[in-house]
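Here is the structure we will look at, set down as structure tokens.
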Amino acid sequence: MTRKEAIRQTAQENTLLSLGFTRDEAEALRRISMTLQRWFEHECNGYIQRDEQTDKPYAYSNHHYGTHERSRWPVADRETGARKRLEKIINARNKRQRVWTATGDVLGPVSNNVAAYVQTDPRGAALYIIRPGDVPDGADVNSYYSRGICVY
């Protein structure tokens, strides 16, 4: 790792820590983003495709032992696992950030919840953390996700 990359990763971690994530969660978010970016890259290149009936992922190869036959074999579904881990981390962070009363009720509306946006285009980062106010009310997150925190 270069010095510049270490500085970038530290700045990203500090930003995520300031949002209420733990160090372990910040590192997990970075790894999830890398996993999803690589997965989407393989999907874009046609190396991984999902079966239309079962939705299970398969790896494809155009050259099988010197022939031009197209072969496929099942692969682990890393996208689904990464999305589940991401949802668990976001929910845990949002639960910690709530303001509780002595009776166990939440004080007022919870306006500091963050959300995750997964960008499936493999040419950039796959994960963005959307803070309150990043997306204007009534607007589509697809048009404003880059205002969030890029995790890569």
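Starting from residues that are part of a helix (DSSP H, G or I) and among the acidic types (D, E), keep the ones in the range 30-56 and report whichever is farthest from G133 (Cα to Cα). Outline the logic, then answer.
Start the filter on the range 30-56 by keeping residues that are part of a helix (DSSP H, G or I), which leaves 30-45.
Next, from what is left, pick out any that are among the acidic types (D, E): 41, 43.
Working: E41: 30, E43: 32 Å.
My answer is E43.
Can you tell me which residue is farthest from A82 (Cα to Cα) among those in the range 6-24 that are touching a residue at least 60 places away in the same chain (Cβ under 8 Å) and assigned to a helix (DSSP H, G or I)?
Among those residues, the one meeting the criterion is T15.
Within 20 Å of Y128 (Cβ to Cβ), modelled with pLDDT under 95 and polar (S, T, N, Q): which single residue out of N62, N14, N113 fits that description? Break it down into steps so the answer makes sense when it comes.
Working: N62 fails: within 20 Å of Y128 (Cβ to Cβ); N14 fails: modelled with pLDDT under 95.
N113 is the lone residue from the list that is within 20 Å of Y128 (Cβ to Cβ), modelled with pLDDT under 95 and polar (S, T, N, Q).
Out of the residues in the range 126-148 that are surrounded by 18 or more Cβ atoms within 10 Å (Cβ to Cβ) and aliphatic (A, V, I, L, M), which is farthest from R96 (Cα to Cα)?
A126
Checking E27 against (1) touching a Lys or Arg at 6+ places or on another chain (Cβ under 9 Å); (2) closer than 22 Å to Y128 by Cβ; (3) in contact (Cβ under 8 Å) with a residue 12 or more places away in the chain: exactly one of these is not met. Which one?
Answer for E27: the failing condition is (1).
Just name the residue that is nearest to L17 (Cα to Cα) out of those in the range 126-152 that are out of contact with any helix residue (DSSP H, G or I) (no Cβ under 9 Å at 6 or more places or on another chain) and charged (D, E, K, R). Steps first, please.
Applying the first criterion (out of contact with any helix residue (DSSP H, G or I) (no Cβ under 9 Å at 6 or more places or on another chain)) to the range 126-152 yields 132, 137-147.
Applying the additional criterion that residues be charged (D, E, K, R) yields 137, 140, 147.
Details: D137: 26, D140: 27, R147: 18 Å.
The selected residue is R147.
The values are calculated or read from the model by the stated rules, or taken from the named source; none is laboratory data. What you see is a predicted model, and the numbers here were worked out from it, not measured in a lab. For neighbour counting, all protein chains shown are included, and Cβ atoms are generated from backbone atoms with ideal geometry for every residue, glycine included.
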